[in-house]
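Engineer: Quick one: the structure is below, questions incoming.
All of the numbers you see were taken from the coordinates with simple rules; none came from a lab. Being a predicted model, the structure only gives us computed values, none of them experimental. As a convention, Cβ positions derive from the backbone with ideal geometry for all residues, glycine included, and neighbour counts pool all protein chains shown.
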Amino acid sequence: MPLDRTRCRPLLQSFDFHTLFVEELGWDKHKASLDIPLEADQVRLESIAHKRRFVAWHCPEPASGFPDAAERQAWFLQQVTTGKRPTRRHHERKFDISTATAKRDLEALSNRIQFTGNSNHGFYTLR
């Protein structure tokens, strides 16, 4: 069955994963939950559907929400200020963000921080 992108796109945009997986992609319904320890808390994943032993899980947004750019930049600036020599990769891992998002965050701080060293072994310092 070919994928109908015009029908799938609105489902993705509205986060209607159940309809997407079960009705559009033909996966089977699946009811299960999985508790995963996360730092000092626990997150409960709920299954959406399954296909040939592969399960699609729904992870609810944390009660505190995801950190926005200002919060991520404040964390990075604190790391630089305290002399911890952070890198873009530290930033990506800390917040589980893409390279493009990390670069945008650091570009916004370019008037306060600077990159020192080469691309393989460099880090950020205060200007």
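Engineer: If you average the sequence gap of Cα pairs under 8 Å that are 6 or more apart and divide by the length of the chain, what percent do you get for the contact order?
Structural biologist: Across the chain, relative contact order equals 14 percent.
Engineer: Mean residue ellipticity at 222 nm from the helices of the chain, using -39,500 (n - 2.57) per DSSP H segment of n ≥ 4 over the full residue count, to the nearest 500 deg cm²/dmol?
Structural biologist: -9000 deg cm²/dmol
Engineer: So which residue, out of PRO67, PRO37, PRO86, gets the largest mean-square fluctuation from a GNM of the chain using Cα contacts under 10 Å as springs?
Structural biologist: The residue that fluctuates most here is PRO37.
Engineer: Taking the chain, how many lysine pairs are there with alpha carbons less than 19 Å apart, if each pair must be eight or more places apart or span two chains?
Structural biologist: Lysine pairs, 8 or more places apart or on different chains, close enough: 5.
Engineer: Sort the chain into rounded, prolate or oblate with this rule: let a ≥ b ≥ c be the square roots of the eigenvalues of the Cα gyration tensor; rounded if a/c is under 1.5, and if a/c is not under 1.5, prolate when a/b is larger than b/c, oblate otherwise. Spell out each step's value before the answer.
Structural biologist: Details: a/c = 3.00, a/b = 2.16, b/c = 1.38.
Since a/c reaches 1.5 and a/b is larger than b/c, the shape of the chain is classed as prolate.
Engineer: Also, quick follow-up: When Lys and Arg each count +1 and Asp and Glu each count -1, what net charge do the other residues less than 12 Å away from THR125, Cβ to Cβ, add up to? Can you show the working numbers first?
Structural biologist: Values: positive: LYS84, ARG85, ARG112, ARG127; negative: none.
Spelling it out: positives minus negatives among the neighbours equals +4.
Engineer: Pulled fully out, how much extra length does the chain show between ARG89 and ASP41, if you take 0.36 nm times their separation in residues and subtract their Cα-Cα distance?
Structural biologist: Length gained between ARG89 and ASP41: 14.8 nm.
Engineer: Would you mind computing, in nm to one decimal, how far apart the modelled labels at GLU107 and LYS29 are, each placed 7 Å from Cα along Cα→Cβ?
Structural biologist: Each label point lies 7 Å from its Cα, and together they span 4.6 nm.
Engineer: Oh, and also: Please report the relative contact order for the stretch 5-58, taking Cα pairs under 8 Å with a sequence separation of at least 6, and give it as a percent rounded to a whole number. Walk me through the numbers on the way to the answer.
Structural biologist: Values: 67 pairs, mean separation 14.0, N = 54.
Taking the mean separation of contacting Cα pairs over the length of the stretch 5-58, I get 26 percent.
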